[in-house]
1. For the range 64-163, what does the relative contact order come out to in percent, with C-alpha contacts under 8 Å and a separation of six or more?
2. Using a Cα-Cα cut-off of under 16 Å, which aspartates and glutamates could be cross-linked to LYS195, ignoring same-chain neighbours fewer than 8 residues away?
3. Tell me, what is the percent relative contact order of the chain, built from C-alpha pairs under 8 Å that lie six or more residues apart?
4. Two decimals is fine: what is log10 I(q)/I(0) at q = 0.16, 0.17 Å⁻¹ for the chain, from a Debye sum with one equal scatterer on every Cα and no solvent?
5. Taking the number of other C-beta atoms within 10 Å as the exposure measure, put HIS89, HIS241 in order starting with the fewest.
6. Treating only the Cβ atoms of Lys and Arg (+1) and Asp and Glu (-1) as charged, compute the dipole magnitude of the range 217-278 about its Cα centre; round to the nearest 20 debye.
7. Which trypsin sites (Lys or Arg not before Pro) in the range 177-249 sit in a loop by DSSP (not H, G, I, E or B) and have at most 10 other Cβ atoms within 10 Å of their own Cβ?
8. The range 242-284 to the range 20-50: how many Å between their Cα centroids?
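Please treat every number below as a calculation from the coordinates, not as lab data. The model shown is predicted, which means the values in this text are computed figures rather than measured ones. Positions of Cβ are generated from backbone atoms using ideal geometry, with glycine treated the same way; all protein chains shown enter the neighbour counts.
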Amino acid sequence: MGILDAKQQAAFERDGFLVIEGFVDRDAGDGLRARAAEMVAAFDPAEHRSVFSTHEQERTSDEYFLSSGGEIRFFFEEEAFDESGELRHGKDGSINKIGHAQHDLDPVFDAFCRTPDVAGVARDVGLVDALLLQSMYIFKNPFIGGEVTCHQDATFLHGDPITVTGFWFALEDATTDNGCLWAIPGGHRTGLRKKFVRNDPFDESAGTHFVTYGPDIDQRGAVAVEAPAGTLVLLHGLLPHFSGPNRSPKSRHAFSLHCLDATADYGNDNWLQRPPSLPLRGFA
Ligand code: FE2
């Protein structure tokens, strides 16, 4: 049974994104926010302080990130720490995101993602045999929420063919004041510009680099995608999009899930790899 009507499907094909207000049940959205708050409360930043206070900061941060594909990990905002390594806005106000496998490892996230409605939307946009690849709980905290520069999700999650599709759920109102998404309508038809790849598929300490295929994305024509809490924004993997910093006093929580089709060849040069003990799963 389809979820998207013909008009919505046509809009997604034309624009590369689709805004569906009221998609998320209020209780489900509140439940996800509450679960994220519990996770943050249980997270001890001291465990990872060394990541940010040693002279090998970049390398250790890379490893922490590159090995997070099958974990639930916490990533700080760039501006979270002062010169002495102390959190400027406390733990709660400093986390950028939680990632990247809570959709498989946490029952609340699992249930939020694996609903007939989300599965139906995936089917409606052409994912015949969808796999849930990555999830991120994004805080975009007041005052220090960082910008996300213009990118295509397929840069970071590339398969052959490109089938990666983003499900971006607004858990709080997202506005131009607190760093909503911006997108370039139709920009998904201009090809993949870059791939982010591991230097060594099997060595997380070896780092990453970008392979460039085309000119930088022309950001003229970008439109703000303001989204009240409960909205699903569906993003084609090739759609250029970005979000501004949050300098406002209001947080902008969102949850994003990325799926790809099982028929796509997902190379081992992708940054995100799952351990053999945690194979990718579909909606069932
Ligand atoms: Fe993105």
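1. 29 percent.
2. ASP153, ASP160, ASP216, ASP265, ASP269
3. Numbers: 615 pairs, mean separation 83.9, N = 284.
Value for the chain: 30 percent.
4. So the normalised log intensities are -1.46, -1.68.
5. On the way: HIS89 15, HIS241 25.
Arranged by neighbour count, lowest to highest, HIS89, HIS241 become HIS89, HIS241.
6. Numbers: 5 positive and 5 negative charges, 88 e Å.
The calculation lands at about 420 debye.
7. Numbers: sites: ARG189, ARG193, LYS194, LYS195, ARG198, ARG220, ARG247; in loops: ARG193, ARG220, ARG247.
Filter output for the range 177-249: ARG220.
8. 16
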